[in-house]
Every structure is written in C-alpha cells, then in structure tokens.
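Enquirer: Can you keep this structure in mind? I'll have questions shortly.
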Amino acid sequence: MGFIDTWNECEKFKQGDQWPTPTPATKDLPRPVLNMVKRVLKMKASTVLQEPPTVTCIAKEGTPEDGVSQFDQEGAQLFTEAAKNTWENVRMPRINKRTVEVAENLGTAYKHWYWDQTIIGGSVERNTAYIGDIAGEVLGPDKVHLGNPTIKEIQKQPYILIVGRSPLKDVQEGYAEHAKALGVDINEIKPDKDNDKLVLDASRQDPNDKYVTFIS
C-alpha cells in the first residue's frame with residue numbers, strides 16, 4: 001500500500017529534508033526550508049498533552065447471579081490506585097510524549113507493555129526487594145504487524161508481530177552466553193542488506209553501522 005515510502009517522506013518532511021536530491025543542474029541553487037509543518041505539529045502535540053490520560057479500572061456491572069460481587073468494585077478501585085502509584089515508575093509522562101511525537105508524524109503509534117526481568121529494586125533489609133517489573137515502549141506503525149489488519153480491536157488480534165532493530169555486535173554479544181545451549185553460531189547472524197524495507201530510514205540510526213532486524 002506504499003506506507004513505507006509515505007512514512008519516509010513524512011519523516012523527512014518533518015525534519016526539514018524537503019528538497020529532492022540535487023542534480024547537476026540544481027546543485028548550486030539555494031535550498032531554503034521554512035518548516036511550518038513541524039511548528040504546527042508541535043502546537044497540536046501540546047494541545048493533546050495538556051490533559052494527560054489516566055488509567056481507571058471499572059468493575060463489571062451486574063448482580064451476584066451474573067457472577068459479580070462486591071469484590072469486583074473493590075478490585076477495580078485497588079487497580080486504579082495501583083495504576084496511579086506506578087505512573088511515574090513506568091515513566092508514563094515520557095511515554096505519552098513519545099506516543100504523540102510518533103503519531104503526529106506517522107498517523108499511528110502503539111504503546112507496548114511487557115515484563116522486564118532486568119529491573120531490580122527494593123531493599124533486602126526492608127524485605128521489599130523484587131526482580132522484574134512492567135516496562136513500556138512506544139512503537140511506530142512500521143514496527144507493528146497485526147495478524148488481521150481489518151480488526152480494529154487490538155485485543156482480538158490473532159497475533160501481533162513486533163519488528164525491531166539492534167546493532168549486529170549487540171545481538172551477537174546477547175546470544176554469546178546462551179549460543180552453545182541453543183545451538184546457535186553467532187557468526188551466522190548476518191546484518192541486514194541495504195534494501196531492507198521492514199523499518200523506516202529514520203530507524204536505521206548510524207548508516208555506517210551494521211544492524212539486524214529481529215521479529216518477535
């Protein structure tokens with residue numbers, strides 16, 4: 001459907017890279033840029049973030065005959081309070097801002113929540129130590145592939161594929177510790193080709209470095 005080319009064009013236009021590649025006939029001409037688009041987008045983003053969203057859990061309505069009890073209401077209140085307490089821990093203000101930045105440029109943005117086992121906190125002395133916590137990240141539409149794009153309700157998707165990119169050396173180092181047990185030769189992990197179309201040009205970071213696209 002041409003999304004990759006369109007998204008790339010939008011990304012460059014927002015960054016002020018709005019002129020076509022110079023030709024021998026135009027290479028010496030001035031190339032002024034008055035980036036009004038970025039200014040308008042920032043104003044719209046400020047309007048959206050003026051009233052940040054909140055997380056509120058609502059109990060299921062019904063009677064005991066429907067399987068609904070007083071604990072449902074109490075549970076909803078507890079989960080709402082828990083969401084307030086973890087708001088800063090998961091860096092929600094930063095995630096909300098990043099979500100708007102991605103959506104204002106590409107039209108769509110996803111918040112991806114997962115369990116991060118590398119997070120360690122609390123105190124052993126106070127018996128509050130823990131390993132693992134909820135973490136979040138923002139993904140653009142180029143990094144999320146839905147099993148059935150015609151289903152608008154995300155929870156009803158048969159599956160969701162997430163595409164990411166990491167430097168080749170980081171991927172090899174990450175697999176090195178478990179490579180033997182998994183039967184993986186890290187030297188067989190090859191970098192992407194220049195014509196890879198799974199992610200935007202803006203996701204490639206250093207064009208001189210070697211990157212690997214992974215799908216989870």
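The values are calculated or read from the model by the stated rules, or taken from the named source; none is laboratory data. This is a predicted model, so every value here is computed, not measured. FYI the Cβ positions are ideal-geometry reconstructions off the backbone, even for glycines, and counts take in every protein chain you see. For accessibility, only protein heavy atoms count, side chains too; no ligands or nucleic acids. Shrake-Rupley method; radii C 1.70, N 1.55, O 1.52, S 1.80 Å.
Enquirer: Over the stretch 1-126, with the other protein chains present, what is the accessible area per residue in square angstrom, probe 1.4 angstrom?
Expert: Roughly 80 Å² per residue, with all protein chains present.
Enquirer: Taking the Cα centre of the stretch 1-122 as origin, work out the dipole magnitude from +1 charges on Lys and Arg Cβ and -1 charges on Asp and Glu Cβ, in debye rounded to 20.
Expert: That gives a dipole near 940 debye.
Enquirer: Between the DSSP loop rule and a limit of at most 14 other Cβ atoms within 10 Å, which trypsin sites (Lys or Arg not before Pro) in the stretch 1-62 are left? Write out the running numbers ahead of the final one.
Expert: Values: sites: 12, 14, 27, 38, 39, 42, 44, 60; in loops: 27, 60.
Loop-located and lightly packed - 27, 60.
Enquirer: Provide the solvent-accessible area of residue 178, counting protein heavy atoms only and rolling a 1.4 Å probe, rounded to the nearest 10 Å².
Expert: Approximately 100 Å² for this residue.
Enquirer: Using +1 at the C-beta of Lys and Arg and -1 at the C-beta of Asp and Glu, which of 78, 108, 23 has the Cα lying farthest in the positive direction of the dipole of the chain?
Expert: Working it through, the farthest residue towards the positive pole turns out to be 23.
Enquirer: Hey, another quick one. For Cα extents along the principal axes in Å, one of [x] 78, 51, 41; [y] 52, 45, 36; [z] 68, 46, 32 was computed from the structure I shared and the rest are decoys. Which label?
Expert: Among [x] 78, 51, 41; [y] 52, 45, 36; [z] 68, 46, 32, the one derived from this structure is [x].
Enquirer: Choose one answer from 166, 123, 46: the residue with the largest mean-square fluctuation in a GNM of the chain with alpha-carbon springs under 10 Å.
Expert: Comparing 166, 123, 46 in the GNM, the peak value goes to 123.
Enquirer: Carbon and sulfur: what percent of the chain's accessible surface (1.4 Å probe)?
Expert: Reported share for carbon and sulfur atoms: 55 percent.
Enquirer: Among 86-96, 146-156, how do they line up from the highest to the lowest mean number of other beta-carbon atoms within 10 Å?
Expert: The peptides rank, most packed first, as 86-96, 146-156.
Enquirer: Computed FRET efficiency, Cβ-Cβ of residue 48 and residue 159, R0 25 Å: what is it to the nearest 0.05?
Expert: So the FRET efficiency works out to roughly 0.25.
Enquirer: In whole Hz and in residue order, list the ³J(HN,Hα) couplings for the stretch 40-48 that follow from phi through the Karplus curve 6.51 cos²θ - 1.76 cosθ + 1.60, θ = phi - 60°; x for Gly and Pro.
Expert: Values per residue, Gly and Pro as x: 5, 4, 5, 5, 5, 5, 4, 5, 5 Hz.
Enquirer: Taking the alpha-carbon distance from residue 190 and a cut-off under 25 Å, which lysines remain once sequence neighbours fewer than 8 residues away in the same chain are dropped?
Expert: 143, 169, 180, 210
Enquirer: Treating only the Cβ atoms of Lys and Arg (+1) and Asp and Glu (-1) as charged, compute the dipole magnitude of the stretch 77-146 about its Cα centre; round to the nearest 20 debye.
Expert: Charge dipole, the stretch 77-146, about its Cα centre: 100 debye, nearest 20.
Enquirer: Taking the stretch 7-64, which GluC sites (Glu not before Pro) meet the DSSP loop condition and have no more than 14 other C-beta atoms within 10 Å?
Expert: When the GluC sites (Glu not before Pro) of the stretch 7-64 are filtered for loop state and at most 14 Cβ neighbours within 10 Å, 61 remain.
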